Each structure stands twice: as structure tokens, then as C-alpha cells.
Amino acid sequence: MAQVTLRDVAQAAGVSMATASRVLNGSARRPSEQISQRVRVAARQLGYVPNASAQALARSTSGLMGLVIQDLENPYFSAIASGFQRAAAAEGRLVLLSQTGGEEAATSAALRGMGAQRVDGVLVVGALNLDLSQQSGIRGLLSEISARGGGVVTVGQDHGVGTVLGPDDRAGGVSLAKAAVTAGYRRFAIVDDTARAPSAVARSEGFVAGLRAAGLSVEHSVRGAVAVNSGGDIGTALVRYLHSHGGGGPLCFFAITDAIAVAVLGRAQQGGVRVPEDLGIMGFDGIRAGRDCCPSLTTVDLPLPEMGRRAFTLLRHSGDVADEEMVPVGWRVDGRSITVPGRFRRGGTTLR
């Protein structure tokens, strides 16, 4: 059976196609209620299914939300995405999701595609290491979405458009360093992020600053990209270092993220390194695996699903951070930026 078209509905109702479109696609320009009712009855009798693209054009809104995420296997990203998706589903919104691997080209392609689909808003999760030209390109694509009335929220990096949502990475790093010193550690190691992600750099700088304030410094850096699949290699390199530099007391390792910290814990246990007797481990993020592993992680807990939910709320209201209902108590607003507070949690990976 041939698909029923808008023309069929218009002919059955005795109206023009433009009039039928205004009724069925949700345009602000509506004919009289008598004519509208005639069109709706004809559509129902014929079994007409409205075209989503036509509805988007008529309403200047698509009902779609965009979510650009680096890695779904990374529990930090997936927890934020879960909160965003659940909030969207609760309001009957569909989410267009694109996983980019943290690549600039893939991120640009995703934003172009979402702009073409006329998304009502887009959330970009994760920081990118961009040169000036690439920064300009991403900013331009987000500006195009914003210019069409779409909201823009980014987590972890300010692209100069929309609302920026994220933790105070540097302050979190400082708090972890102070806790490590208070716990009695005097030897420290850290991840040297080869990708130079802004959030990783800020966390590292905070940790180093916290040590410096206590008159201490980092003894060893393990080079590696701060990505969920690099934790095993980082852990192997750290265990190798410990076996060759075992004297001088226990070593405290700041893994930058919980995902890496969990992987390092596994490698340490496989390599015969006692945690926390020989090695203390600190993460950052507050993922569920960090609470469930044994011993549990010492970390900075972030309300990741709530960050996703609030990002959706901000997009739905065009990023209006001036409305107090958009921002939970304790979250700090400064212009376009919203800082999410973290909560220090001491786990068994540093208790001795």
C-alpha cells in the first residue's frame, strides 16, 4: 500500500497543502479551528504519519538533542551521558549521539551533522587538544548551532560558545596532594598526559602545587595518554618503576582519572605490589568502579549523572544560568561558567 502523503490529506480535507502542513506540522500560523479539525480527521482516517523534518521546519525546532562524547567505554563520559539521556527521555526528547574518540575531525563532523539535523541543543563532553585553527573551526560550528537558536553546553572545555560546565580540576588536585601529605606520603608519582588535555593538565598542576606548598615534589612521571584504554600500560610502567626503586618508603601515585587508577590497582596486584603498603593510589572523578574495587579508591567524587541532567536542563532553557532553578545549591556560577563541587573521598588505596 502506497504511503499516504500530505497532498492526499490536503485533497481529502479540501484545503491547500500549505494549510494542511500548518495544522499537522505544528506551525505557529494556524487556520480556523473548523478547518484544522477537518484536516486532523482526514489525516487520521487516511493513516497519515507526519514527517519529522517537515515538523522541524514548521516549528523551527526538531525536538532532537545532540550529544558529542569522546569514548562511551570511559565511565566518566558514560555517566554524564546517562544522566543526559535519562533527562531527555523524561521529556520525550530523542538524543543524537556521536562518539568521536577525542579527534578534532570526528568532533567537527559530528557538529556539522547535528547542525544539519537542526538539533535544539548540543552537549559536548570532553576536552580536546586543539591548535588555533582547530579551535576556530569548533567555535564556528557551535556558533552556527547557537545562531539557529540551539543551546550549547560543554563539559571540561570552553570553546567560547554557550555554557561551560565542569569541576574545579586544579582545586581537586590540590586537595588530593594535601590529603596524601597528611597521610604521611613523602614519595610521589603522577601521569604525564601526552595528549595535554586541559582537564588533565589542570589536575596535574593542582597536585604539584599542593606538594610544593608542603615543600615536596614529584619523584617520577609516567608518560601516557589519559584515556580509559591506557591505564594498563601506565600501571605496568609504574610497577616496573617500583620494582627498581623500592626503597625509601611507600609511593603515592596520582592517576589523574579513576579509570586509570582502577587499572593501575589491577596491575599492582598482579605484579605483587601491595596496596596501600607499598603503593598508594589516587584517582579523580568518582566513578562507580572506584567505590566497588578492593581496596576502594581515594578520589574526588563528582556528581556525574547530575551533571548530565543539569546540562540537559540548561539546553532546554537556552543555557540561562541566571535562573536559580538551573543550578543546584553549591554549584558556582561565574558568567558563562558553572563550577561543579567535588567531594574528597578517602578509600583503602591510601589508608595504611
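The values are calculated or read from the model by the stated rules, or taken from the named source; none is laboratory data. None of the values given here were measured: they were computed from a predicted structure. Cβ coordinates were reconstructed from backbone atoms using ideal geometry, including for glycine residues, and neighbour counts include every protein chain displayed. Remember, those area values only see protein heavy atoms, side chains included, never the ligands or the DNA or RNA. Shrake-Rupley method; radii C 1.70, N 1.55, O 1.52, S 1.80 Å.
Rounded to the nearest 5, what % of the DSSP beta bridges within the chain are antiparallel ones?
15
On average, how much accessible surface per residue is there in the chain, in Å², for a 1.4 Å probe, leaving out ligands, DNA and RNA?
On a per-residue basis, the chain sits at 46 Å².
Label S32 and S82 with points 7 Å out from Cα along Cα→Cβ: what is the distance between them in nm?
Rounded to a tenth, the inter-label distance reads 5.6 nm.
Could you let me know the centre-to-centre spacing of the range 80-113 and the range 198-242, using Cα atoms, in angstrom?
30
Once Lys and Arg get +1 and Asp and Glu get -1 on their Cβ, which of L130, S230, A105 lies farthest toward the positive end of the dipole of the range 103-242?
Comparing the listed Cα positions along the dipole, S230 ranks first.
Between R240 and T182, how many nm apart are label points set 7 Å from Cα along the C-beta direction?
3.6
What are the principal axis extents of the Cα atoms in the chain, in Å, biggest first?
Here the spans come out as 90, 44, 37 Å, largest first.
Run the accessible area of the range 80-194 with a 1.4 Å probe and give the carbon-and-sulfur part as a rounded percent.
Answer for the range 80-194 is 46 percent, counting heavy atoms of protein chains only.
For the range 66-178, with equal point scatterers placed on the C-alpha atoms only and solvent neglected, what are the log10 I(q)/I(0) values from the Debye formula at q = 0.17 1/Å, to two decimals?
Summing over Cα pairs of the range 66-178 leads to -0.82.
Nothing charged except the Cβ atoms of Lys and Arg (+1) and of Asp and Glu (-1): what's the magnitude of the dipole of the chain about its Cα centre? Round to the nearest 20 debye. Kindly include the intermediate steps, with their values, before the conclusion.
Values: 36 positive and 30 negative charges, 149 e Å.
Once rounded to the nearest 20, the dipole reads 720 debye.
Could you sort C294, C252 by their accessible area in this structure, using a 1.4 Å probe and putting the largest first? Write down the numbers at each step before the final one.
Working: C294 110, C252 0 Å².
Highest to lowest solvent-accessible surface, that is C294, C252.
Just how much of H159 is accessible, in Å², when a 1.4 Å probe is used and the result is rounded to the nearest 10?
10
With r as the distance between the Cβ atoms of H317 and L94 and R0 = 22 Å, compute the FRET efficiency 1/(1 + (r/R0)^6) and round to 0.05.
0.75
Can you pull the one-decimal nm distance between simple spin-label points at A18 and Q117, each 7 Å off the Cα toward Cβ?
If labels sit at A18 and Q117, their model points lie 3.2 nm apart.
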